[in-house]
C-alpha cells in the first residue's frame, strides 16, 4: 500500500489514505473516491528526515517529505515537508528535520522536566 495525506483548505492533513500499489492512475482513483482534494504522497517510515525500517531503526533509506504526513500535521509546499503543530510559541523549527525544538536544550541530569513557556525554560517535575 502507498499512503497519501489528504489536505484540507489550510494545508492541514485531514486524513491518511491507503492506495493499492497496482492502481495505475492514482490521481483519478483519489479524485473519484474522495472528491476534489489535494493529496500528497507520504511515507510511514520517515520521521525527522530519517528513514526507518520495519524494525524502527534507521536504515539509510530515502526519506520523503521530512516526516510522515499524519492527521493534524501541516504540509509546507516550499519545504516539501510535513510539519507537526508547534507545541509552544518559543520553539524553533529545525529546517533539516522540520520538527520543533525548544530554545533551551533539555537538561541531561537524568531528572524529569516539563517545558514552562512563561519562563522559557525546563522545569523539574518533583
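Restricting the search to strands (runs of 3 or more DSSP E) fully inside the range 74-125 and requiring at least 3 residues that are in contact with a strand residue (DSSP E or B) (Cβ under 9 Å, 6 or more places away or on another chain) and either at pLDDT below 95 or buried (at least 16 other Cβ atoms within 10 Å of the Cβ) (or both) gives 81-83. Within the range 46-69, being closer than 26 Å to residue 9 by Cα and either free of Cβ contacts under 8 Å to residues at least 40 places away in the same chain or buried (at least 16 other Cβ atoms within 10 Å of the Cβ) (or both) holds for 46, 47, 49, 63, 64, 65, 66, 67, 68, 69. Of the residues making up the range 54-65, one or more are within 21 Å of residue 94 (Cα to Cα) and in a strand (DSSP E or B).
Of the residues that sit in the range 18-42 and are without any contact (Cβ under 8 Å) to a residue 24 or more places away in the chain and part of a loop (DSSP other than H, G, I, E, B), which one is surrounded by the most Cβ atoms within 10 Å (Cβ to Cβ)? For the range 18-42, the residue satisfying everything is 23.
Beta carbons closer than 7 Å, at least 6 apart along the sequence or on distinct chains, pair a first residue in the range 90-111 that is without any contact (Cβ under 8 Å) to a residue 12 or more places away in the chain and not assigned by TED's automatic domain parsing to the domain that holds residue 70 with a second that is surrounded by 10 or more Cβ atoms within 10 Å (Cβ to Cβ) and part of a loop (DSSP other than H, G, I, E, B) for 92/103; 101/91.
The values are calculated or read from the model by the stated rules, or taken from the named source; none is laboratory data. Computed from a predicted model, the values in this text were never measured in an experiment. Cβ atoms come from the backbone with ideal geometry, glycine included; neighbour counts cover every protein chain shown.
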